[in-house]
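First the structure, in the form of structure tokens, and then the observations on it.
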Amino acid sequence: MGLYAKIPPRAMYRGQMISAFVTAFVAYGVVTLVDGIDGICTPDQPAKFTCAAGSSVYFSASVFWGAIGPARVFSQIYPVMKYAFLLGFLLAPVWWGIKRYGPTARQSMRTKMPGTIFKPLDLIIFTPISYLKQVHPSLILNGFIYWAPVNLTYTTSGLYFSMFFMYYVRKYKTAWFEKYNYVLAAAFIGGVALSALVIFFSASSIATFMLLIAVR
């Protein structure tokens, strides 16, 4: 985002260092705050602080890689997972080769094959392959990771917005996209964080106010 906004490198580095310093105190304050919440990160927490996308993931990862250990995981419990590293390594050159030589093979078969044979082959094989230039395997695989442990309702709305801005706006409103797209994305993220603070403190104030009325 800093490079996109043409912020000088030294100024961006200062901003990162200051934000890291401030974040340390903010994180400590948040930990101190949540430690006082009864039943935090439990399924039946009254205020719905269930931590569905946070603590459960890190807890499972700590057990998976710490208590059990990678030796047992990859040799006894899930031995097939070792081959995922090989598949991930081979996916990159295969993906690049298909994107690089797929159009050439498609054109070559179009000129050499009869139309009755090439049309269904093109529809089944080459048309889906042509869409690969629009996607990246690392983004797809990492996107799957962000789903756990929540369901698709957490990502569906963002998917619709992303498709609209990254396809329609980028293709037909290029000038607007280059100037405002990522600034708008940062504004959405900042707006969500700010609204969470406002909702939290306003809801806490209302609950306190209602409790005082009930006591009186």
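The values are calculated or read from the model by the stated rules, or taken from the named source; none is laboratory data. Everything numeric in this text was worked out from a predicted model, so none of it was measured. Here Cβ is always computed from backbone atoms with ideal geometry, including for glycine, and neighbour counts include all displayed protein chains. Remember, those area values only see protein heavy atoms, side chains included, never the ligands or the DNA or RNA. Shrake-Rupley method; radii C 1.70, N 1.55, O 1.52, S 1.80 Å.
Worth a mention:
- Pairs over the 18 Å Cα-Cα cut-off, from the set 99/133; 133/171; 133/173: 133/173.
- Computed over the chain, Kirkwood Rh from alpha-carbon pairs, angstrom: 23.5 Å
- Within a straight-line Cα-Cα reach of under 16 Å, residue 6 can be paired with the following aspartates and glutamates, leaving aside sequence neighbours fewer than 8 residues apart in one chain: 178.
- Only Lys, Arg, Asp and Glu carry charge here, each on its Cβ (+1 for the first two, -1 for the last two); on that basis region 58-199 has a dipole of about 580 debye about its Cα centre.
- Rounded tilt (10° steps) of 137-147 against the dominant C-alpha axis of the chain: 30 degrees
- Computed on the chain, with alpha-carbon pairs under 8 angstrom and 6+ residues apart, the relative contact order is 13 percent.
- Note that the chain presents 82 Å² accessible area per residue, ligands and nucleic acids not counted, probe 1.4 Å.
- ³J(HN,Hα), Karplus 6.51/-1.76/1.60, whole Hz, each residue of region 41-51, x for Gly, Pro: 6, 10, x, 9, 5, x, 8, 6, 7, 8, 6
- A straight chain from residue 147 to residue 117 at 0.36 nm per residue would run longer than the Cα-Cα distance by 6.7 nm.
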